[in-house]
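What follows is a set of notes on a single structure, which appears directly below.
The values are calculated or read from the model by the stated rules, or taken from the named source; none is laboratory data. Computed from a predicted model, the values in this text were never measured in an experiment. Cβ: placed from backbone, ideal geometry, glycine included. Neighbour counts: every protein chain shown.
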Amino acid sequence: MRTSTKLGLLGALYLSQGLPYGFFTQALPALLRTMGLSLPDIGLASLLALPWALKFLWAPWVDRWQLPGVGRRRSWILPLQAVTAVGMVVLGMVRPESQLSLLMAAFLVTNLLSATQDIATDGLAVELLSPAERGLGNGVQVAGYRVGMIIGGGALLVVFDQLGWQATFFGMALCLAVAAAPIALYREPLSAPAAPTAAPPSWLGALGGFVSRPGAWAWLGVVMAYKAGESLGGAMLKPMLVDLGLSLTDLGALTGTAGFSAGLVGALIGGAAVSRLGAGRSLVIFGVLQSLTVAAFAVVPPMGAAALGAPIYVLTVLEHLCGGMATAALFTFMMDACAPETEGTDYTVQASAVVIATGAAAALSGFVAERLGYSGHFLLSGLLSLVAVGLIGLARPPSVSQPAP
């Protein structure tokens, strides 16, 4: 398969996953704030993303089970994406003001479906991309995911402000259906059946294969710390802008135009830079830039309404640009640590570590912002992100060639 075809397929898949997750993490906090929820309640709502943190528990089954004649990865991706699209139509029928508990439960189920699909998608990405293609491939992966998040958290926020709840979720369902076309047309090579005498690895053995390698736990610590500071700050960005008087339409335009362009460019630059600078150097450089841009949002509250013009656009562009570069570098490192036959599980263990750290940071964000104020909150977030960069020299991804102890 040509590299361009691989990148197009993966870009569509990651866009599909970023779409509902973007609405949940980007648009929903702003909507909840307009409904009068407190900052701690908004922060705690991020716990509905728990399936993304726990998906490593069922990743071995996703790696091993498949429908006959469909393909190892398509067996999961196609039905899960179809169910998610139907779920968006059903969500369009919910009345958020009077059925908030039902809405939260529905988002929990949506996260479960998307997180499970992500296991299969990550495994497909590791299988498709050669080592030389992984830098650019991860740039496209991050770009596609960010495009989905921008549509879900930016463009659909504008739709919500103009057309209401039902049109927003019907639009999301349509986007998911269109994005499913490449994987529906893809003919995945069928896996050879296992030898009759070969016993499949146990669930615990498959799950523990990654963490049993030398240096795995230290590397997971670095992975968890690297994005936690950014998540702590980002979770309170939308509520801060709502409190400063930014309308939902303007908020959607901010992320849907400035954020879209900068995130896309940043991910592609980061992916291309990995092959030139090396993953380690890229991780450090982009991590420092990520820290500085997160901390820079501390200047917004003192400026008040004056910050809602050019300053907030400049800061948003810089944050999305640097965040995209940093994420592409991190994901390339994570992909290099995946072993054949357990690609989905190995990558998921690392990705779950990231989600656990970022989810915990987001859940605490409302309490921190309420205690320190928005400026103090973003300064602390940037500082924590910078400290995490200093940990990079202490660990590297465990080599797949290293034998388990």
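Laid out as a table, the results:
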| read-out | value |
| --- | --- |
| Given (1) more than 22 Å from the chain's Cα centre (by Cα); (2) crowded, with 21+ Cβ neighbours inside 10 Å; (3) basic (Lys, Arg), index of the condition LYS227 fails | (1) |
| Filtered residues of the stretch 349-405 (kept if among the β-branched types (Val, Ile, Thr) and at pLDDT 85 or above) | VAL349, VAL354, ILE356, THR358, VAL368, VAL387, VAL389 |
| Set GLY263, GLY256, GLY221: member being part of a helix (DSSP H, G or I), modelled with pLDDT under 85 and surrounded by fewer than 23 Cβ atoms within 10 Å (Cβ to Cβ) | GLY256 |
| Test: residue in the stretch 117-134 that is small (Gly, Ala, Ser) and farther than 30 Å from THR5 by Cβ | no |
| Filter result for ALA120 (surrounded by fewer than 17 Cβ atoms within 10 Å (Cβ to Cβ) and either modelled with pLDDT under 80 or assigned to a helix (DSSP H, G or I) (or both)) | no |
| Residue in the stretch 170-193 that is basic (Lys, Arg) and at pLDDT 85 or above present | yes |
| Hits in the stretch 161-191 - residues which are touching a Gly at 6+ places or on another chain (Cβ under 9 Å) and polar (S, T, N, Q) | GLN166, THR168, SER191 |
| Which listed residue is touching a residue at least 40 places away in the same chain (Cβ under 8 Å) and touching a Lys or Arg at 6+ places or on another chain (Cβ under 8 Å), from LEU292, LEU330, LEU318, LEU308 | LEU330 |
| Failed condition for PRO68, given (1) free of Cβ contacts under 8 Å to residues at least 60 places away in the same chain; (2) assigned to a helix (DSSP H, G or I); (3) within 23 Å of PRO182 (Cβ to Cβ) | (2) |
| Filter result for ALA235 (touching a residue at least 24 places away in the same chain (Cβ under 8 Å), out of contact with any helix residue (DSSP H, G or I) (no Cβ under 7 Å at 6 or more places or on another chain) and farther than 20 Å from GLU133 by Cβ) | no |
